[in-house]
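The values are calculated or read from the model by the stated rules, or taken from the named source; none is laboratory data. Not measured: the values here are computed from a predicted model. Glycine also receives a Cβ, built like all others from the backbone with ideal geometry; neighbour counts cover every protein chain displayed. Ligands, DNA and RNA are stripped out before the accessible areas are found, and what is left, the full protein with its side chains, is counted by its heavy atoms. Shrake-Rupley method; radii C 1.70, N 1.55, O 1.52, S 1.80 Å.
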Amino acid sequence: MGCNLHALNRTKRAILIKIQSFVFNPFQENTYVIYDDTKEVVVVDPGCYDEDEKKELADFIVENDLSVKKLLNTHCHIDHVLGNLFIKEKFNTKLYIHPTEEFVLNAQKVLAPHYGMHRYEEAAPDFFLKEGDRVEFGDQEFLVLFVPGHSPGHIAFYNEREKVVFAGDVLFQNSIGRTDLPGGNFDTLINSIHQKLFTLPDDVSVYPGHGGPTLIGNEKRTNPFCAVTKS
Ligand SMILES: [Zn+2]
Ligand SMILES: [Zn+2]
């Protein structure tokens, strides 16, 4: 039995995830291309705005012979959605957001010029994701976590096997997302961090919307906004 189990494990061995990040637009937003050896891809929060940024992102996908399966938004602030239409049209893919975030997305065409983004073109969502949904591509599966507070329909994408979570603007290295934008709420954000992100294992890597990655365990210990102090 032991030998058979070993063989089964070998044939079912995981195809390891690969994460390519780009820093785009004046807000220095992290855009993620997530893929594995199957060459299937999801793009998370494409912030590419000018032609050079769009070319950099598209070239990476084309040159690595990747196939874009889904376009995901953690939330729909302008810095995370600038490249939505480009990715949808260039790679003929569909946009997934949380339903509560649709009005935030719709507001961006009015807000964009106030941020100097006069060439922003909006893209409509195609599908909605909610807490507990699974996003599949290649050999990967992401669990959708509903983590409002920075934005009212903010979601995170957690891959349990690979121990990674794409958390948007909820939790940063030693910081948290701002809560002064429409639909933001400080207490809601802190609850999302404690009830959703901080219940993940300590060795899960957090890939945020801005800045470098961190670990759940590190933020639990040292994040000044939400560290878990021993009583
Ligand atoms: Zn944001
Ligand atoms: Zn952001």
Subject >> Distant alpha-carbon pairs in the chain (separation over 33 angstrom), percent >> reply: 16
**OP:** Which order do the peptides 64-73, 198-207 take when ranked by the mean count of other beta-carbon atoms within 10 Å per residue, highest first?
**Re:** 64-73, 198-207
**OP:** Find the accessible area per residue for the chain; the probe is 1.4 Å, ligands and nucleic acids are left out, and the unit is Å².
**Re:** 49
Subject >> Segment residue 122-residue 161, extension gain: residue separation times 0.36 nm, minus the distance between their alpha carbons >> reply: 10.6 nm
Subject >> Distance in nm between pseudo-label sites at residue 203 and residue 15 (7 Å out along the Cβ direction from Cα) >> reply: 2.5
Original post:
Where does each of 17-24, 81-88 land if you order them by average Cβ count within 10 Å, highest first?
Top reply: 81-88, 17-24
Subject >> Chain lengthening between residue 218 and residue 191 when straightened (0.36 nm per residue, less Cα-Cα) >> reply: 7.9 nm
Original post:
Of all the accessible heavy-atom surface of the chain, with the other protein chains kept in place and a 1.4 Å probe, what percent is carbon and sulfur?
Top reply: 50
Subject >> the stretch 104-231: equivalent-ellipsoid semi-axes (sqrt of 5 x gyration tensor eigenvalues, Cα, Å) >> reply: 26, 19, 13
Original post:
If 90, 196 are ordered by their accessible area, calculated over protein heavy atoms with a 1.4 Å probe, which sequence runs from highest to lowest?
Top reply: 90, 196
**OP:** Go through 194, 114 and list them by solvent-accessible area, largest first, probe radius 1.4 Å.
**Re:** 114, 194
Subject >> Net dipole in debye of the stretch 177-231 [+1 Lys, Arg Cβ; -1 Asp, Glu Cβ; about Cα centre; nearest 20] >> reply: 100
